[in-house]
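Notes to accompany the following structure.
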Amino acid sequence: VQLQASGGGLVQAGGSLRLSCAASDRTFSSFAMGWFRQAPGKEREFVAAIFRNTGTYYADSVKGRFAISRDNAKNTMYLQMNGLKPDDTAIYYCAADSSLILSSIQRYEQYDYWGQGTQVTVSS
């Protein structure tokens, strides 16, 4: 499956952005999906995940500010980001996996498919 992330940009601290991840495959609904981010000089880190049954999970650093969702009819996943902070500045990647289990959602190596990334920059 091919993934296309979009929606990044430059925003002031406290602002909002909504990222989208469009999938090419009509079996999108069978995949567990995730968002990761990578800041310069840092490792790729887990942000959020959503399973086929729409169960959602978040990193502690974004809990209460970010919301992950999916529209299976549109083969698209979203990440609504509110209350953005300069520490949220990173390239955001979407990912998909057909056999993800709960204990592995934060491990980027478990995801089989990746989008190209979209830059999010939060100014102070």
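Numbers at a glance
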item: Inter-label distance, nm, simple model (7 Å from Cα along the C-beta direction), Glu43/Ser99; result: 2.4
item: Of Trp35, Ala48, Leu19, farthest towards positive along the dipole that unit charges on Lys, Arg, Asp, Glu beta carbons give region 9-77; result: Leu19
item: Modelled FRET efficiency - R0 22 Å, Arg107 with Ser24, Cβ distances, 0.05 increments; result: 0.35
item: Listed residues Ala73, Ala5, Tyr57: farthest to the positive end of the dipole of region 5-124 (Cβ charges); result: Ala73
item: Listed residues Ala13, Ala73, Ala32, most fluctuating in the chain (Gaussian network, C-alpha, under 10 Å); result: Ala73
item: Paramagnetic label zone (point 7 Å from Cα along Cα-to-C-beta, Gln12; backbone N under 16 Å) in region 84-106; result: 84-86
item: Within the chain, percent of DSSP bridges classed antiparallel, to nearest 5; result: 90
item: Test item: Cα-centred dipole of region 1-80, Lys/Arg +1 and Asp/Glu -1 on Cβ, debye; result: 100
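We did not get these values from a lab; they are worked out from the coordinates using the rules stated. Because the structure is a prediction, the values reported are computed rather than measured. Here Cβ is always computed from backbone atoms with ideal geometry, including for glycine, and neighbour counts include all displayed protein chains.
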